[in-house]
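Visitor: The structure is given below, and queries will be raised subsequently.
The values are calculated or read from the model by the stated rules, or taken from the named source; none is laboratory data. Note that the structure is a prediction, hence the values are computed from the model and not measured. Every residue, glycine among them, receives a Cβ derived from its backbone with ideal geometry; neighbour counts consider all protein chains shown. Heads up: the accessible areas ignore ligands, DNA and RNA and are worked out on the full protein's heavy atoms, side chains in. Shrake-Rupley method; radii C 1.70, N 1.55, O 1.52, S 1.80 Å.
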Number of protein chains: 2
Amino acid sequence: MKQAIVARTDIGMGTGKLAAQVAHASLKAYENADSDAQRKWTSGGQKKIVLKGAGQKQLRELADRARQERLPYALVTDAGHTQLEPGTVTTLAVGPGPENIVDKVTGDLRLY
Amino acid sequence: MKQAIVARTDIGMGTGKLAAQVAHASLKAYENADSDAQRKWTSGGQKKIVLKGAGQKQLRELADRARQERLPYALVTDAGHTQLEPGTVTTLAVGPGPENIVDKVTGDLRLY
């Protein structure tokens, strides 16, 4: 089981901002998972990887593919208090789910 | 309600690595919170900030203070598959908890 979190590289998020948005997506997708997937993932050390996403369009397409694969996912938009315009899509978390299924969605992306 | 996540600046974590460790701490501390704190925090948009920590000693001291304030917290050590030595303390999440109580623990730290 793993979770992949895709963060945009094209909007100039600072390190702390990016980390907070990654954590936000991670927790929201976790909440969208069923209890069996939650338990399996956390008991296995909640494996997660952070990947580079090219832009909003790509994140939305990946979210569609996650839905088609019946994986939990969460697309995060920033409230815009700092750094970014309100409503900016920042991150997408896919999973927790079986590694091979998560890889069907995000396997082509590079590590952040 | 908010959660503060402290990440070490002294161990040369890359951006993606740091983001994954922040997310790891965030979710573990969330799991350590009672259901009332979980609900209040998530319904309020799960406010979180990422702060700079100077080293392992500081993170352990902050964890002690969080425990004294009866806040949920989680100290994360890396499994060491990449970049870091196994067992390296990387991040500490404090909260979710009332903002003024979280600030008693982490209020002196700078934003990452």
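Visitor: Out of all the residues in segment B:14-21, is one or more basic (Lys, Arg) and surrounded by fewer than 18 Cβ atoms within 10 Å (Cβ to Cβ)?
Guide: Checked segment B:14-21: no residue is basic (Lys, Arg) and surrounded by fewer than 18 Cβ atoms within 10 Å (Cβ to Cβ).
Visitor: While we're here: So, in segment B:78-97, exactly how many residues are at pLDDT below 95 and farther than 21 Å from B:Thr15 by Cβ?
Guide: 2
Visitor: Same structure, new question: If a residue must be of a type in the set (Lys, Arg) and crowded, with 18+ Cβ neighbours inside 10 Å, how many such residues does segment A:29-46 contain?
Guide: Final tally of qualifying residues: 0.
Visitor: Please verify whether segment A:7-21 includes one or more residues that are under 22 Å from B:Gln21 (Cα atoms), assigned to a loop (DSSP other than H, G, I, E, B) and β-branched (Val, Ile, Thr).
Guide: Within segment A:7-21 (the criterion being under 22 Å from B:Gln21 (Cα atoms), assigned to a loop (DSSP other than H, G, I, E, B) and β-branched (Val, Ile, Thr)), the answer is yes, since at least one residue qualifies.
Visitor: Scan segment A:31-64 for residues that are part of a helix (DSSP H, G or I) and either more than 12 Å from chain B (Cβ to nearest Cβ) or not acidic (Asp, Glu) (or both) and report the count.
Guide: Step one: list which residues in segment A:31-64 are part of a helix (DSSP H, G or I), which gives A:31-32, A:35-43, A:56-64.
Going one step further and asking which of them are either more than 12 Å from chain B (Cβ to nearest Cβ) or not acidic (Asp, Glu) (or both), we end up with A:32, A:35-43, A:56-64.
Going through segment A:31-64 one residue at a time, the tally reaches 19.
Visitor: I'm checking my understanding of the structure. Among residues of segment A:16-55 that are of a type in the set (S, T, N, Q) and at pLDDT below 95, which one is nearest to A:Val89 (Cα to Cα)? Steps first, answer last, please.
Guide: At the first step, the residues of segment A:16-55 found to be of a type in the set (S, T, N, Q) are A:21, A:26, A:32, A:35, A:38, A:42-43, A:46.
From what's left, at pLDDT below 95: A:42-43, A:46.
Working: A:Thr42: 27, A:Ser43: 30, A:Gln46: 24 Å.
Here the residue is A:Gln46.
Visitor: Which condition number in (1) open to solvent by 40 Å² or more (accessible area, probe 1.4 Å); (2) within 22 Å of B:Gln46 (Cβ to Cβ) is the one that A:Val89 fails?
Guide: Unmet condition: (1).
Visitor: Which of (1) under 13 Å from the mean Cα position of the chain (by Cα); (2) within 8 Å of chain A (Cβ to nearest Cβ) does B:Ala4 not meet, given it meets every other one?
Guide: (2)
Visitor: Under 9 Å by Cβ, and 6 or more places apart or on different chains, what pairs join a residue from segment A:14-26 that is more than 7 Å from chain B (Cβ to nearest Cβ) with one that is surrounded by fewer than 24 Cβ atoms within 10 Å (Cβ to Cβ) and aromatic (Phe, Trp, Tyr)?
Guide: Within 9 Å, the pairs are A:Gly14/B:Tyr112; A:Lys17/B:Tyr112.
Visitor: Can you name every residue in segment B:65-77 that is closer than 13 Å to B:Val94 by Cα, within 14 Å of chain A (Cβ to nearest Cβ) and either open to solvent by 90 Å² or more (accessible area, probe 1.4 Å) or part of a strand (DSSP E or B) (or both)? Let's see the steps before the verdict.
Guide: First pass over segment B:65-77, keeping only residues closer than 13 Å to B:Val94 by Cα: B:65-76.
Checking the rest, the ones that are also within 14 Å of chain A (Cβ to nearest Cβ) come to B:72, B:74, B:76.
Within segment B:65-77, B:Ala74, B:Val76 meet the criteria.
Visitor: Then there's this: Before we move on, is A:Leu84 under 23 Å from B:Glu31 (Cβ atoms), away from every other protein chain (no Cβ under 14 Å), open to solvent by less than 40 Å² (accessible area, probe 1.4 Å) and hydrophobic (A, V, I, L, M, F, W, C)? Walk me through how you get there before you give the answer.
Guide: On the way: under 23 Å from B:Glu31 (Cβ atoms): no; away from every other protein chain (no Cβ under 14 Å): yes; open to solvent by less than 40 Å² (accessible area, probe 1.4 Å): yes; hydrophobic (A, V, I, L, M, F, W, C): yes.
Judged against the criteria, A:Leu84 is not a match.
Visitor: Related question: Please go through segment B:92-112 and pick out each residue that is outside any helix (DSSP H, G or I), crowded, with 21+ Cβ neighbours inside 10 Å and at negative phi. So that I can check it myself, show each step before the final result.
Guide: As a first pass, look at segment B:92-112 and keep what is outside any helix (DSSP H, G or I): B:92-98, B:107-112.
Restricting the remaining residues to those that are crowded, with 21+ Cβ neighbours inside 10 Å gives B:92-97, B:112.
Scanning segment B:92-112 gives B:Leu92, B:Ala93, B:Val94, B:Pro96, B:Gly97, B:Tyr112.
Visitor: Quick check on B:Lys40: is it in contact (Cβ under 8 Å) with a residue 40 or more places away in the chain, of a type in the set (Lys, Arg) and in contact with a Phe, Trp or Tyr (Cβ under 9 Å, 6 or more places away or on another chain)?
Guide: Against the criterion (in contact (Cβ under 8 Å) with a residue 40 or more places away in the chain, of a type in the set (Lys, Arg) and in contact with a Phe, Trp or Tyr (Cβ under 9 Å, 6 or more places away or on another chain)), B:Lys40 does not qualify.
Visitor: Of all residues being in contact with a helix residue (DSSP H, G or I) (Cβ under 7 Å, 6 or more places away or on another chain) and not basic (Lys, Arg) in segment A:63-77, which is nearest to B:Ile49 (Cα to Cα)? Just the residue, please.
Guide: A:Val76
Visitor: Run B:Ser26 past the list (1) at positive phi; (2) buried (at least 24 other Cβ atoms within 10 Å of the Cβ) and report the number of the one that doesn't hold.
Guide: Answer for B:Ser26: the failing condition is (1).
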